[in-house]
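See structure below.
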Amino acid sequence: METKSYFIDYNMTKRKFLDIKGNPLNGVQISRDKTTVYRFRDGFLDGDVYDVDGRFITVKPAVEAPGHIEYWRKNMIHRDNDEAAVISEGFSVKEYWTNGIQTSVEKQEG
(Lines give C-alpha, C1' and ligand atoms only; values in the text may rest on other atoms or scores of the structure.)
Protein backbone atom coordinates (compact mmCIF):
# COMPACT_ATOMS: atom_id res chain seq x y z
CA MET A 1 0.00 0.00 0.00
CA GLU A 2 1.41 3.37 -0.99
CA THR A 3 0.32 6.36 1.03
CA LYS A 4 1.38 9.92 1.76
CA SER A 5 0.09 9.61 5.34
CA TYR A 6 2.42 11.03 7.97
CA PHE A 7 1.39 8.49 10.61
CA ILE A 8 0.33 5.25 8.95
CA ASP A 9 3.35 3.37 10.31
CA TYR A 10 2.59 4.42 13.88
CA ASN A 11 -1.13 4.38 14.41
CA MET A 12 -2.02 1.36 12.31
CA THR A 13 0.06 -0.59 14.82
CA LYS A 14 -2.14 0.74 17.66
CA ARG A 15 0.62 2.95 19.09
CA LYS A 16 -0.80 5.49 21.53
CA PHE A 17 0.74 8.91 21.95
CA LEU A 18 1.20 9.79 25.60
CA ASP A 19 1.96 13.01 27.45
CA ILE A 20 4.97 13.38 29.77
CA LYS A 21 2.94 11.89 32.66
CA GLY A 22 2.03 8.80 30.64
CA ASN A 23 -1.58 9.81 30.01
CA PRO A 24 -3.13 9.56 26.53
CA LEU A 25 -2.83 12.81 24.60
CA ASN A 26 -5.96 14.82 24.03
CA GLY A 27 -6.42 18.07 22.18
CA VAL A 28 -4.18 19.83 19.69
CA GLN A 29 -0.39 19.63 19.39
CA ILE A 30 1.70 21.84 17.09
CA SER A 31 5.11 20.65 15.91
CA ARG A 32 8.14 22.87 16.34
CA ASP A 33 9.96 22.14 13.07
CA LYS A 34 7.14 23.25 10.78
CA THR A 35 3.57 24.32 11.14
CA THR A 36 1.89 20.96 11.55
CA VAL A 37 -1.21 20.55 13.71
CA TYR A 38 -2.07 17.16 15.24
CA ARG A 39 -5.41 16.45 16.92
CA PHE A 40 -5.61 13.60 19.44
CA ARG A 41 -8.34 11.90 21.42
CA ASP A 42 -7.51 9.20 23.96
CA GLY A 43 -3.94 9.13 22.65
CA PHE A 44 -4.80 8.44 19.01
CA LEU A 45 -5.01 10.74 16.01
CA ASP A 46 -8.67 11.73 15.75
CA GLY A 47 -10.20 14.88 14.29
CA ASP A 48 -13.75 14.37 15.55
CA VAL A 49 -14.93 17.22 17.80
CA TYR A 50 -17.42 16.70 20.63
CA ASP A 51 -18.98 19.07 23.15
CA VAL A 52 -18.52 18.66 26.92
CA ASP A 53 -21.56 16.34 27.05
CA GLY A 54 -20.06 14.00 24.44
CA ARG A 55 -22.29 15.08 21.55
CA PHE A 56 -20.67 15.09 18.12
CA ILE A 57 -20.10 18.59 16.71
CA THR A 58 -17.95 18.30 13.57
CA VAL A 59 -14.96 16.66 11.90
CA LYS A 60 -11.60 18.38 11.55
CA PRO A 61 -8.44 16.95 10.04
CA ALA A 62 -6.33 15.04 12.56
CA VAL A 63 -3.18 16.19 10.74
CA GLU A 64 -2.80 19.58 9.04
CA ALA A 65 0.39 20.82 7.38
CA PRO A 66 1.05 23.12 4.44
CA GLY A 67 -0.36 21.29 1.41
CA HIS A 68 -1.31 18.21 3.45
CA ILE A 69 -4.28 17.04 5.56
CA GLU A 70 -5.34 13.70 7.02
CA TYR A 71 -8.62 12.62 8.57
CA TRP A 72 -8.42 9.98 11.31
CA ARG A 73 -11.09 8.44 13.52
CA LYS A 74 -10.43 6.10 16.44
CA ASN A 75 -6.90 5.19 15.35
CA MET A 76 -7.75 4.66 11.67
CA ILE A 77 -7.48 6.81 8.60
CA HIS A 78 -11.11 7.36 7.72
CA ARG A 79 -13.46 9.83 6.10
CA ASP A 80 -17.22 9.62 5.76
CA ASN A 81 -19.33 10.18 2.63
CA ASP A 82 -16.69 9.00 0.14
CA GLU A 83 -14.54 12.07 0.79
CA ALA A 84 -10.73 11.94 0.57
CA ALA A 85 -9.09 11.02 3.90
CA VAL A 86 -5.51 12.00 2.92
CA ILE A 87 -4.95 15.03 0.71
CA SER A 88 -1.31 15.81 -0.01
CA GLU A 89 1.37 17.21 -2.31
CA GLY A 90 -0.19 20.63 -2.48
CA PHE A 91 -3.64 19.02 -2.54
CA SER A 92 -2.91 17.24 -5.84
CA VAL A 93 -3.03 13.68 -4.43
CA LYS A 94 -6.20 12.35 -2.80
CA GLU A 95 -6.42 9.05 -0.97
CA TYR A 96 -9.73 7.49 -0.03
CA TRP A 97 -9.88 5.37 3.13
CA THR A 98 -12.60 3.61 5.09
CA ASN A 99 -11.77 2.40 8.61
CA GLY A 100 -8.05 2.10 7.90
CA ILE A 101 -8.36 0.47 4.48
CA GLN A 102 -7.28 2.41 1.43
CA THR A 103 -9.90 2.15 -1.33
CA SER A 104 -8.38 4.37 -4.04
CA VAL A 105 -5.89 7.10 -4.91
CA GLU A 106 -6.38 10.02 -7.32
CA LYS A 107 -3.49 12.08 -8.67
CA GLN A 108 -4.26 15.38 -10.35
CA GLU A 109 -2.08 16.00 -13.37
CA GLY A 110 -0.75 19.49 -13.42
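The values are calculated or read from the model by the stated rules, or taken from the named source; none is laboratory data. Here the structure is a predicted model, which means the values were calculated and not measured. With ideal geometry, Cβ positions are generated from the backbone for all residues, glycine too; neighbour counts draw on all protein chains shown. Ligands, DNA and RNA are stripped out before the accessible areas are found, and what is left, the full protein with its side chains, is counted by its heavy atoms. Shrake-Rupley method; radii C 1.70, N 1.55, O 1.52, S 1.80 Å.
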Taking all protein chains as present, what is the carbon and sulfur share of the accessible area of the chain, in % to the nearest whole number, probe 1.4 Å? 48
Can you list the residues of segment 63-91 with backbone N under 18 Å from a point 7 Å past the Cα of Ile57, pointing along Cα to Cβ? 63-64, 72-74
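Suppose R0 equals 30 Å. What FRET efficiency, 1/(1 + (r/R0)^6) with r the Cβ-Cβ distance, do Val105 and Ser31 give to the nearest 0.05? Could you put the intermediate results ahead of the total?
On the way: r = 25 Å, r/R0 = 0.85.
Step by step, r from the Cβ atoms, then E = 0.75.
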Starting from the alpha-carbon convex hull of segment 1-106, give the projected area averaged over all orientations, in nm². 7.2
Tell me, what is the per residue accessible area of the chain in Å², probe radius 1.4 Å? 64
Of the options Phe91, Ser31, Ser104, report the single residue whose Cα projects farthest towards the positive end of the charge dipole of the chain (beta-carbon charges: Lys, Arg +1; Asp, Glu -1). Ser31
Trp97 accessible area, assembled protein chains, probe 1.4 Å, Å²: 0
10 Å Cβ shell holding at most 10 others, DSSP loop, GluC sites (Glu not before Pro): longest site-free stretch of the chain: 3-108
In Å, the Kirkwood hydrodynamic radius of segment 52-110 over pairs of distinct alpha carbons? 12.0
